[in-house]
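This report refers to the structure that appears directly beneath it.
The values are calculated or read from the model by the stated rules, or taken from the named source; none is laboratory data. Since we're looking at a predicted model, the values are computed, not measured. Glycine gets a Cβ as well: all are built from the backbone with ideal geometry, and neighbour counts include every protein chain shown. To get the accessible areas, we keep the full protein, side chains included, count just its heavy atoms, and leave off ligands, DNA and RNA. Shrake-Rupley method; radii C 1.70, N 1.55, O 1.52, S 1.80 Å.
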Amino acid sequence: MMNYIAKLTVILVAILLISSCKKSETVDPKNNSETRTLNKTSADSESIEGLYETQAEPDNSNECLMSIEIIKEKKGYSYFLKTKLRQLKGIANLTSNESGEKILVLEGIEWDEYEGDISREEDNDSIADSESNSQQPDIPVGIGASYTKDTLTIQNYGNAMNSYTKLSECGRKYIQLIKK
């Protein structure tokens, strides 16, 4: 009886191993990057197109009034960003990262402030090193917003180790824009 149980266990383990190995994915060299542009069928099924606006906070209603309109065009999406200080138009790209999170990138918007990743500065101990690296880093262009269920969320500023501000006219750490 013990020999029978051992054989049955070996057979079950072998079946589980074989069935788990049957799934094989082919790698498409065109989409072999960390982020991939979503294909049209999955993007269209969600209809990211529309007007997104910030919600007023009870204590300060005019502090961060902002809207983003996403418009579907022949070759993709465009955006119209409106804040209390500016109005910008440009191309919007919808992508997905490896974990499946959808990111909408508003191309062409220069961040308001960027000091870069200062965690590397600790590695520079000598005066010569600090002088050669004292140049200001290039200010990034393009603002990414995570997209989930009719909500766009922008992380507006960083922390002490990576100091930046994307849209200075809004003081919120996370700007949430909800589809109307």
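At a glance:
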{"quantity": "Search result, residues across the stretch 153-165 that are surrounded by 14 or more Cβ atoms within 10 Å (Cβ to Cβ) and over 15 Å from Ser67 (Cα atoms)", "calculated": "Gln155, Tyr157, Gly158, Ser163, Tyr164, Thr165"}
{"quantity": "Counted residues, the stretch 61-117 - those being in contact with a Leu (Cβ under 8 Å, 6 or more places away or on another chain), touching a residue at least 60 places away in the same chain (Cβ under 8 Å) and not hydroxyl-bearing (Ser, Thr, Tyr)", "calculated": "5"}
{"quantity": "Matching residues, the stretch 67-100, being acidic (Asp, Glu) and touching a strand residue (DSSP E or B) at 6+ places or on another chain (Cβ under 6 Å)", "calculated": "Glu69"}
{"quantity": "Residue in the stretch 76-98 that is surrounded by fewer than 17 Cβ atoms within 10 Å (Cβ to Cβ), assigned to a loop (DSSP other than H, G, I, E, B) and within 20 Å of the chain's Cα centre (by Cα) present", "calculated": "yes"}
{"quantity": "Flag for Glu131 being acidic (Asp, Glu) and at pLDDT below 90", "calculated": "yes"}
{"quantity": "Matching residues, the stretch 134-180, being in contact (Cβ under 8 Å) with a residue 24 or more places away in the chain, farther than 13 Å from Gly116 by Cβ and among the hydrophobic types (A, V, I, L, M, F, W, C)", "calculated": "Val141, Ile143, Ala145, Leu152, Leu167, Cys170, Ile175, Leu177, Ile178"}
{"quantity": "Residue count for the stretch 134-152, restricted to those that are closer than 21 Å to Phe80 by Cβ, among the β-branched types (Val, Ile, Thr) and open to solvent by 30 Å² or more (accessible area, probe 1.4 Å)", "calculated": "1"}
{"quantity": "The stretch 32-66: number of residues that are modelled with pLDDT of 70 or more and either closer than 15 Å to Cys170 by Cα or touching a strand residue (DSSP E or B) at 6+ places or on another chain (Cβ under 7 Å) (or both)", "calculated": "15"}
